[in-house]
Amino acid sequence: MMDVLPENLLTQFLRTQCGPFTVKEIVSGLSTVGLKVQEQEIQGFLDSNPSVFVLQDGTYVTRAGAFTDSFFSIKPHKFEVQGGFLLPGHRCIPFVDSENVSGTIDFLYGNVLLPHKVMEFQVRDVLPLFTLFGEEYALQYMMADPACDKIDFSGYDEEIPQKVKLTVTDMSAVYVDCDFKNGDVFLATVVDWDKSIVKIHPLHEYKTSPFEQLPLDKKRTKWYDLLEEALLDSFNIYGPCVSIEDQLAKVFFTYHERLCVPSCGTIEQGLKYFRKVGLELYGVETRLWFKGQDVPAVGAWMLAGSEEVDSAPQSKSHIYGTIPYSPVDFPLLKTIVDSFILDLLYQKRNKEDISVKDLLPESCNVTESQLRRMNKFLSSRKEQLEKEYNWFADFELGEIRHSLLILHQKIALLIFELDSATFALESMPQQPLVILTQLLSHARVMLETLLHSGNDEFSKEEIQNFAASLEGMEYNFEGVSLELKSALEVQRKKQFSIVKK
């Protein structure tokens, strides 16, 4: 768990570094500016960062390095060509930073940076352009658009709005300049990953009839076959990744030389073409998976992952993934540690001794030296956070954080109990397992949101929505935990046999 300054420097480095690098090179670079960080901490940070790929020889490559100047294609819809605009939506994933919302992506045509404009749409018309973020998150990504800032969606509850304002790229001059027609494609490359700048070049596909086969069509058909095979391989190697975008990123990085070519198709068209790959339900979310099959929580890919980390003893493999640089078999993420400290301050327990043991299950193996080192870090973070903590400002959110931490700990403890089981987890009900891991992920995201947002940034409606989400998560946890604990007990009983005289 690093201090804030080196972590911020590393984050910016990862957004702009295009060449491969090693842990030792980063440690050396930080030391030149007077910052001393252990190699294990750097490795843990890199291994847990979604913007980094690790190579077999121990070197790393960032998303910026992997996807800058890589070819992908965008096929505008008829209503976009007729309206003189382009709505990026999910079309640039996994090549741009998915954290940057659609309306903030800039397109470069020739040497001209194209202007943005705001347009109003029927939600049903544009929602399909966001589904690769996951159908369950499509509306959220849409509403993250800067043009939605002044729109209050809190009153819609379960009913989605009919209309929405979104930021689009003004393509009216481009379509005229290159005589762009419906059915034509833009060949695209990322020229600046950090700023999400994408250069586009038109590819005309004039046909005398809809049945005409162009030479490029045959190349694209082979490309779609290759992409499908690559996805099928990724399911066996990585399983269902943390998101559709993450799955695609791993595939396009692994098969970069064969997929990132001028004759590439689009992922949207690929989903219509694929025979064995589809969008399938994964608990309350959506994933790319074997078409028509349930997405399991555990599988052979977890065994493959455990083999990969054998050479890195500081990594621990769990149901919900690998915990890089974990001194114990239980996740001690910085988000959770900081939230735990703020909760102690909220409960006015700041005068009491605090210990990492409060965050660990009783059965977790931890040595005295590990405990001392972790407690030292905990005390150091407490001193830093205590300086800026305001109990009165934290009054409303503090109670939500307290309840959220309790839920997170219950989820994490149940996962730890399942991880410690001696029987194969494939024998457990898979969908409850999936939902359990998703609840853990959602709890962490919510804690991180509370951690990095000031109390004055939340309106009363947002606080109410936060509390309602927490209540729903607690309800879901009660259901899946009962089912999993019951199944766990059944499996444990099977471990015993009756010996007769």
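The values are calculated or read from the model by the stated rules, or taken from the named source; none is laboratory data. What you see is a predicted model, and the numbers here were worked out from it, not measured in a lab. Cβ sites come from the backbone with ideal geometry, for glycine too, and all protein chains shown count toward neighbours. With ligands, DNA and RNA removed, areas are computed over all heavy atoms of the protein, side chains included. Shrake-Rupley method; radii C 1.70, N 1.55, O 1.52, S 1.80 Å.
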Practice item. Filter the range 265-291 down to residues that are farther than 22 Å from residue 439 by Cβ and aromatic (Phe, Trp, Tyr) and give me whichever is nearest to the chain's Cα centre (by Cα). Key: 290
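Kindly evaluate residue 47 against the criterion of being closer than 30 Å to residue 127 by Cβ, acidic (Asp, Glu) and out of contact with any Asp or Glu (no Cβ under 7 Å at 6 or more places or on another chain). Steps first, answer last, please.
On the way: closer than 30 Å to residue 127 by Cβ: no; acidic (Asp, Glu): yes; out of contact with any Asp or Glu (no Cβ under 7 Å at 6 or more places or on another chain): yes.
Judged against the criteria, residue 47 is not a match.
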Review point. Would the range 232-242 turn up any residue that is among the acidic types (Asp, Glu), closer than 30 Å to residue 432 by Cα and open to solvent by less than 10 Å² (accessible area, probe 1.4 Å)?
Key: no
**Study point:** Long-range neighbours under 6 Å by Cβ, at least six apart or interchain, first residue under 17 Å from residue 279 (Cβ atoms) and open to solvent by 10 Å² or more (accessible area, probe 1.4 Å) within the range 125-146, second aliphatic (A, V, I, L, M) and assigned to a helix (DSSP H, G or I)
**Key:** 127/138; 131/138
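Of all residues in the range 121-147, count the ones that are over 19 Å from the mean Cα position of the chain (by Cα), over 26 Å from residue 202 (Cα atoms) and not in a helix (DSSP H, G or I). Can you show your working first?
So in the range 121-147, the residues over 19 Å from the mean Cα position of the chain (by Cα) come out as 121-128, 146-147.
If we keep only those that are over 26 Å from residue 202 (Cα atoms) too, we end up with 122-124, 146-147.
Within this subset, residues satisfying the condition of being not in a helix (DSSP H, G or I) are 122.
The number of residues fulfilling the criteria is 1.
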Exercise for review: Select, from 218, 150, the only residue that is outside any loop (DSSP other than H, G, I, E, B), at pLDDT below 95 and either under 23 Å from the mean Cα position of the chain (by Cα) or loosely packed, with under 12 Cβ neighbours inside 10 Å (or both).
Suggested key: 218
Exercise for review: Would you be able to say whether some residue in the range 294-304 is open to solvent by 20 Å² or more (accessible area, probe 1.4 Å), under 25 Å from residue 130 (Cβ atoms) and modelled with pLDDT of 90 or more?
Suggested key: no
Review point. Quick one: is residue 411 among the hydrophobic types (A, V, I, L, M, F, W, C), in contact (Cβ under 8 Å) with a residue 40 or more places away in the chain, closer than 26 Å to residue 295 by Cβ and open to solvent by 30 Å² or more (accessible area, probe 1.4 Å)?
Key: no
Exercise for review: Name, by its number, the condition in (1) open to solvent by 30 Å² or more (accessible area, probe 1.4 Å); (2) at pLDDT below 65; (3) not aliphatic (A, V, I, L, M) that does not hold for residue 315.
Suggested key: (1)
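For every residue, the table says whether it meets (1) surrounded by 16 or more Cβ atoms within 10 Å (Cβ to Cβ); (2) without any contact (Cβ under 8 Å) to a residue 60 or more places away in the chain; (3) within 24 Å of the chain's Cα centre (by Cα).
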residue	(1), (2), (3)
370	no, yes, no
382	yes, yes, no
388	no, yes, no
392	no, yes, no
396	no, no, no
405	yes, no, yes
416	yes, no, yes
Review point. Only one of (1) surrounded by fewer than 16 Cβ atoms within 10 Å (Cβ to Cβ); (2) in contact (Cβ under 8 Å) with a residue 24 or more places away in the chain; (3) of a type outside the set (Ser, Thr, Tyr) fails for residue 460. Which number is that?
Key: (2)
Revision key, fill the gap. Residue 263 meets each of (1) in contact with a Leu (Cβ under 7 Å, 6 or more places away or on another chain); (2) modelled with pLDDT under 95; (3) not aliphatic (A, V, I, L, M); (4) not in a loop (DSSP other than H, G, I, E, B) with one exception, condition (4)
Exercise for review: List every residue pair whose Cβ atoms sit under 6 Å apart, with the two residues 6 or more apart in sequence or on different chains, where the first one lies in the range 239-256 and is outside any loop (DSSP other than H, G, I, E, B) and the second, anywhere, is among the aromatic types (Phe, Trp, Tyr) and open to solvent by 50 Å² or more (accessible area, probe 1.4 Å).
Suggested key: 250/238
